């Protein structure tokens with residue numbers, strides 16, 4: 001049962017990813033990414049990471065993707081051909097990416113980590129639940145938590161500065 | 001399922017994301033591919049957390065999500081600024097770092 | 001004040017004069033530059049007399065005073081001082097140089113009055129006198145070479161004084177280049193001296209020389225020959241003489257001072273000063289003497305036929321210096337230096353008179369066009385004849401005693417040295433002839449048109465023309481002023497010429513054989529270690545020699561009278577009959593052409609080859625090649641910085657993949 005779910009979700013994720021890089025219309029790419037993200041949330045569930053899965057759906061596929069949709073709509077459709085100005089990149093890139101994948105695979109499967117070949121140790125109930133994640137966040141990793149919040153604030157301010165309207169008198173062109 | 005599978009999937013997704021960055025020209029799509037890579041990383045983290053029986057991997061993944069959100073915000077702000085200044089939305093047009 | 005203090009003042013006044021004029025000429029009122037220059041040299045002359053007096057106060061053995069201003073270089077076995085040596089020889093030279101220079105400065109005050117480069121002239125002339133005094137007073141070889149080089153520079157700058165003239169600038173360069181050849185010889189000699197004797201100082205070197213060298217050892221002969229290269233270049237002896245006739249492009253006072261009285265005598269001074277070396281290397285001394293002999297004969301023959309007035313006098317200078325070189329090379333130091341002194345007097349006088357005549361001729365220098373100035377220029381004519389008499393060695397004049405004393409010494413030494421005596425006497429005959437060639441041509445005969453104009457009270461004027469080539473000159477600065485000044489109308493010129501005239505006539509009384517020997521006794525302390533100095537010929541032998549000289553001199557004058565006054569057409573017919581000989585002599589024995597073919601052309605060809613082939617291909621090739629290589633490599637590397645974000649991402653990814661592969665391989 002689990003395998004079926006895995007493969008189904010995996011195909012969903014892979015399909016979404018390939019669609020992101022393959023579709024010409026950026027708007028469609030955004031939509032494909034949403035599919036991908038939801039599939040990933042399902043995979044998280046399989047890995048007993050409920051809170052993360054929920055966060056993925058709500059934050060990522062929800063808020064972040066909405067942002068993308070807004071900007072894609074604002075910017076409009078820029079149909080672009082997929083070939084490159086940099087000569088040869090079209091061919092080199094997949095090759096490099098494939099090389100990377102192969103290396104990573106070798107690294108993963110070639111390790112002697114026993115735990116990777118199994119499902120992992122038995123896990124307690126409540127593994128990955130909001131309660132235990134919350135405990136970790138607010139006790140052991142409090143500083144990380146606070147730093148992440150700061151980062152969010154800074155990012156928000158930065159975005160406003162970057163994209164905000166200039167004061168009167170300054171042209172917004174060029 | 002053995003954890004390996006998840007890791008291999010994550011590697012594949014990462015590679016796809018990397019290829020996407022190199023191939024596409026629209027900054028929007030490149031950001032999307034960045035998301036792909038980040039999420040592949042997240043998947044690997046959560047898989048390792050499962051394999052180790054330790055939730056710390058999940059916390060890490062959460063923080064990665066936060067960072068990804070911030071980066072998206074800034075990136076999109078850049079795209080909007082580019083659009084406002086009528087620079088064509090083409091990553092090859094921004095070449096001022098040329099040596 | 002001590003003798004050395006006076007000596008430093010002798011050096012200081014001309015330098016100060018030169019600097020004051022050079023820096024302040026705009027601030028000085030119109031013609032004061034000339035008076036400042038003259039005063040500076042006058043003061044230097046007085047200080048020379050002071051040095052003389054103080055020197056004579058010392059006992060004879062102690063008349064070698066040294067004084068040093070500071071250590072010039074003191075390291076690694078070198079000990080060079082900025083030091084002077086005050087001894088009879090240097091004081092003698094100082095007196096001659098400052099005395100004659102002062103008179104020439106006085107002459108120039110009037111002669112160059114309308115020249116726009118007036119202040120520049122006096123600054124340069126003062127600098128020249130300073131350099132010459134430095135050369136003469138130097139106490140070591142390094143300072144000697146410094147003075148030597150400065151004198152060469154001053155000569156260059158004064159020869160090309162009228163720098164708008166093409167011929168003048170070329171002559172200046174020629175003189176300088178040949179002088180530099182001499183400098184090179186001197187420097188090498190200095191190196192050898194230091195290597196063998198370990199010192200540059202005169203007194204120490206001369207003391208160490210007899211112990212360090214055996215007679216005619218190779219090194220000491222080499223040193224002397226290298227010194228001779230310097231001496232011959234400076235004194236315009238064959239084969240380094242070709243610059244002197246061309247140096248007549250400079251103003252007449254320059255010719256008088258530098259190329260008659262002082263600079264060209266530097267070589268003679270050098271040989272006299274380094275007599276310990278020459279006495280240890282008789283071969284070199286003989287070579288010097290033969291060089292001098294060759295010069296005196298060749299120059300006299302050329303002076304018989306050239307037609308430019310100043311150049312005749314220049315060749316005469318060359319010839320007389322040949323006498324002096326012979327004199328100091330064979331050991332007649334006192335006689336040679338005595339002749340140096342008297343020659344300074346009468347040669348400067350001759351040039352001054354020539355300047356006056358040329359001014360009257362509106363800058364024409366060709367004696368074929370001059371005649372009959374005795375009524376138009378009475379004073380100049382008189383002094384011209386006085387100078388010619390002294391040059392010819394007419395009995396009683398200073399030239400008579402000095403020149404013949406050298407020849408008497410040569411005869412007295414006997415053996416091979418008879419050649420010098422015979423050659424010298426034969427040339428004395430020729431000297432008398434050409435001296436009065438000038439004299440009679442200019443003074444006697446019917447007045448030429450310019451002379452007649454002058455008798456009428458009007459000084460001739462003409463369009464400014466280059467006397468040598470006849471081309472019109474542009475009349476900006478660097479060109480003789482529009483007015484000409486003759487002695488009859490300018491009192492500074494008259495006074496200078498008068499003093500020199502008197503000296504030329506009576507200067508001989510200081511060394512009359514059997515009666516007195518002022519110069520010889522005076523110079524004795526310098527030459528006390530010399531074996532040859534003390535070979536004084538007997539009085540009767542001396543008077544015999546003087547008698548022969550007198551006869552030859554009078555015969556020469558008589559022949560000149562015959563050719564130029566009594567039968568004016570004789571020389572013209574002779575010229576036609578011996579056209580080849582005439583052409584050979586007129587072309588200065590083709591020395592210029594030979595040097596051109598042997599030295600200049602190959603050098604220029606070599607230079608051209610080096611430039612076009614070696615420089616362009618090899619040197620530029622290497623340099624440009626290296627540059628191109630670096631540029632190319634940089635361009636390749638620069639290609640990475642394309643500005644494309646995705647290219648950078650590609651590189652990142654590629655690098656990461658490579659690293660991953662590496663670690664995989666390593667860990668397996």
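Readers should treat all values here as calculations from the given coordinates under stated rules, not as data from a laboratory. Quick caveat, the model's predicted, so the values are computed rather than measured. Counting neighbours? That spans all protein chains shown, and the Cβs are built from the backbone with ideal geometry, glycine included.
Okay, here's what the table says:
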item	result
All-pairs Cα distance distribution in region B:1-82, expressed in whole percent, bin size 10 Å	19, 41, 28, 10, 1
Residues A:39, C:398, C:67, C:356 arranged by fewest to most Cβ contacts within 10 Å	C:67, A:39, C:398, C:356
In nm, spacing of pseudo-spin labels at residue A:153 and residue C:656 (7 Å Cα→C-beta vector)	3.2
Estimated distance in nm for a label pair at residue A:118 and residue A:66, the labels positioned 7 Å out from Cα along Cα-to-Cβ	4.4
Computed lengthening from residue C:53 to residue C:369, 0.36 nm per intervening residue step minus Cα-Cα distance	108.9 nm
Within 10 Å of each Cβ in A:28-36, the average number of Cβ atoms from other chains	3
Cα long-axis angle, helix B:56-84 against chain B (0 to 90 degrees, to the nearest 10)	10
Spin-label model distance (nm) - residue C:589 vs residue C:35, 7 Å beyond Cα toward Cβ	4.8
Average other protein chain Cβ within 10 Å of Cβ, residues C:629-641	1
Using distinct alpha-carbon pairs, which all enter the 1/r mean, Kirkwood radius of region A:7-47 in Å	9.9
Inter-chain shielding of A:127-135 (mean C-beta neighbours from other protein chains, 10 Å cut-off)	3
Between region C:1-69 and region C:320-389, the Cα center-to-center distance that results, in Å	27
Solvent-free Debye scattering, log10 I(q)/I(0), computed from the Cα coordinates of chain C at q = 0.10 Å⁻¹	-0.90
Relative contact order for chain C, counting Cα pairs under 8 Å that sit 6 or more residues apart, in percent	13
222 nm mean residue ellipticity, helices alone, for the protein assembly as shown (DSSP H n ≥ 4; -39,500 (n - 2.57); rounded to 500)	-22500 deg cm²/dmol
When the convex hull of its Cα atoms is projected in every direction, mean area for the protein assembly as shown (nm²)	64.0
FRET efficiency, 1/(1 + (r/R0)^6) with R0 41 Å, evaluated for residue C:576 and residue C:452 via beta carbons	0.90
Largest-first ellipsoid semi-axes for region A:1-81, taking √(5λ) over the Cα gyration tensor eigenvalues, angstrom	26, 16, 5
Estimated FRET transfer efficiency when R0 is 25 angstrom, pair residue A:138-residue A:54 (beta carbons, to 0.05)	0.90
Proxy reagent accessibility, fewest Cβ within 10 Å first, across A:145, C:232, C:663, C:351	C:663, A:145, C:232, C:351
Whole-Å distance, taken between Cα centres, linking region C:605-646 and region B:36-84	51
Mean Cβ neighbour count within 10 Å, used as a protection proxy, ranking A:11-18, B:7-14 highest first	B:7-14, A:11-18
Helix axis angle, C:218-235 relative to chain C longest principal axis, alpha carbon, degrees	70
0 to 90° range, to nearest 10: angle between helix C:620-638 axis and chain C longest Cα axis	20
Sorted by Cβ neighbour density within 10 Å, fewest at the top, the residues A:91, C:92, C:122, C:591	A:91, C:591, C:92, C:122
Gain in span if fully extended, residue C:180 to residue C:294, counting 0.36 nm per residue against the direct Cα distance	38.8 nm
Hypothetical label at residue C:609: residues of region C:163-192 whose amide nitrogen lies under 15 Å (7 Å Cα-Cβ projection)	none
Ranked packing of C:241-250, C:45-54, B:86-95, most packed first, by mean Cβ within 10 Å	C:241-250, C:45-54, B:86-95
